[in-house]
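The block underneath contains the structure these notes are about, expressed in structure tokens.
The values are calculated or read from the model by the stated rules, or taken from the named source; none is laboratory data. Note that this is a predicted model, so its numbers are computed, not measured. Cβ placement follows ideal geometry from the backbone for every residue including glycine, while neighbour counts extend to all protein chains displayed. SASA here: full protein model, heavy atoms, side chains in, ligands and nucleic acids out. Shrake-Rupley method; radii C 1.70, N 1.55, O 1.52, S 1.80 Å.
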Amino acid sequence: MRLFIKHFLLFLFALPINAQVQEEVNPPDNIKTIIFKGPTDDQFPVIKLGDPIQLQFDDLTASEQDYYYKIVHCDYDWTPSQLLKSQYLRGTDNQRIINYENSFNTLAAYSTYSLKIPNKALSLRVSGNYIIEIYNDINELQFSRRFVIFDDLVTVGATSKNARDFNYINKKQSIQFNINGGSFQLINPKQEVKVAILQNYQWSNVITNVPPQFTVGNTLGYKYDAETSFFGGNEFLNFDTSDLRAPTAAISRIEYEELYHHYLFTDKYRYDREYTYFPDINGDFVIRTLQGEDPNRESEYTMIHFSLPLTEEVGLDEVYVYGKFNNYALEEQNRMTYNERNGNLEAVIKLKQGFYNYKYVLKSSDGIIDLNAVGGNFHFTENQYLILVYYRNFGDLYDSIIAIGTTNSENITN
């Protein structure tokens, strides 16, 4: 009995106390253009167990620094799970990233680092939420990114619907879906199964903690309206700098001063305009150049000039340029400032050559963030939705992901 109590107490002390939610950390100024994807072009890796993921980033110091990576397994709420590293990793992490190459024939020198998992040193054992952390050679965290690994144990059928609330019928999109357990037995689904719903792969407005509305046999139904609805937003704005010297539809002029400066046309507010469809990549970016054959090491870094008129609707709110290029963060480097000479809000951001999506986001003095005040909300907007299905049986030490589902609002129905 004493031996049992001793082991039980050791187990309790081993559990994390007030485990901290693992948020994504953005890098210092010298690290740019973080691309983290699986075999598809999704904005962050959502991959089946065993498939490869690829991380790439640039170091603008071009000093061939040493960087190391660590991997943390997390539960549904993004707190570290109770698993030991040996239970979710084959091999060991805290390995140096050995693949890098220096830029070639560019005005701004940089080194491009790349990491592929699985590799000779490491592979992943289980599904679930993960964080990859990148450290420098003195063990300082440089940045971190989330990714998810899933198993195909059940199936998910999803559709996007117009909101039924008349107040939001032209502004919101509701996601409805079923989880079909098939031969996978869901004994107590309200306790065992949890879901997360993401719009355009963004975690900032993820919907969680939605229980199944009903159960028919081994199928779970989620036919909610308000509980699983998102504001539609608007299509992202875009620009293309793949040709350094030729202005495109969004670029008004190009100047050269140490680096190329691309001045975008002053953008307009679209919240009070009719919705107009034009294809976007839902906030993402693609590196490409017409000045070389290898975009990873031959693309230039250029200074992109954004501008937006200051209006009464904005008032004293802070305005940020927002997109995957900075991981949808609201930081000083992408905050706009007022130019008294022309009455515009302006921002200048250093970005690698390519095609970029972006939008403008407001942040009030009390910290409230409005993603769509400038662009508006429209139920016609094309958005990609991802549904993650988590499972934890009684006695399990972690939340696995047993399926994913997707739907696109391009096929929205009433």
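Annotations
- Computed FRET value (nearest 0.05) for residue 94 with residue 40, which takes r as the C-beta separation and R₀ as 35 Å: 0.80
- Length-normalised contact order of region 82-162 in % [C-alpha pairs under 8 Å, at least 6 apart]: 23
- Accessible surface of the chain [probe 1.4 Å, protein heavy atoms]: carbon and sulfur percent: 50
- Neighbour-limited loop hits for trypsin sites (Lys or Arg not before Pro), region 143-202 (at most 15 other Cβ within 10 Å; DSSP other than H, G, I, E, B): 164
- With 0.36 nm allotted per residue and the present C-alpha distance subtracted, the residue 261-residue 86 stretch has 58.1 nm of extension available.
- Contour excess over end-to-end distance, with Cα ends at residue 317 and residue 216 and 0.36 nm allotted per residue: 31.5 nm
- Within the chain, longest stretch free of exposed GluC sites (Glu not before Pro) [DSSP loop, at most 14 other beta carbons within 10 Å]: 141-257
- 222 nm mean residue ellipticity, helices alone, for the chain (DSSP H n ≥ 4; -39,500 (n - 2.57); rounded to 500): -1500 deg cm²/dmol
- DSSP-loop chymotrypsin sites (Phe, Trp or Tyr not before Pro) across region 331-414, with at most 15 other Cβ within 10 angstrom: 394
- Per residue, the chain exposes 49 Å² of accessible surface when a 1.4 Å probe is rolled over the protein heavy atoms with every protein chain present.
- Divided by 2.2 N^0.38 Å, where N counts the residues, the Cα radius of gyration of the chain comes to 1.06.
- Residues 57, 231 ordered from highest to lowest accessible area at a 1.4 Å probe: 231, 57.
- Alpha-carbon centroid distance for the pair region 161-234 / region 339-414, whole angstrom: 17
- Simple label model, 7 Å out from Cα along Cβ direction - residue 62 to residue 414, nm: 6.1
- Accessible area ranking (1.4 Å probe, heavy atoms, ligands and nucleic acids excluded), largest first, for 114, 127, 63: 63, 114, 127.
- Förster radius 51 Å - calculated FRET efficiency between residue 166 and residue 119, Cβ distance, rounded to 0.05: 0.40
- Normalising the average separation of contacting C-alpha pairs (under 8 angstrom, six or more residues apart) by the number of residues puts the relative contact order of the chain at 18 percent.
- Taking all protein chains together and rolling a 1.4 Å probe, residue 78 ends up with roughly 10 Å² accessible.
- Length gained on full extension, residue 364 to residue 77: 100.6 nm, using 0.36 nm per residue less the C-alpha separation.
- Label-point gap, in nm, between residue 205 and residue 187 - each point 7 angstrom along Cα→Cβ: 4.0
- Using θ = phi - 60° and Karplus 6.51 cos²θ - 1.76 cosθ + 1.60, couplings along region 269-276 (whole Hz; Gly, Pro as x): 6, 10, 5, 10, 10, 5, 5, 10
- In terms of accessible area, using a 1.4 Å probe and ignoring ligands and nucleic acids, 254, 117 rank largest first as 254, 117.
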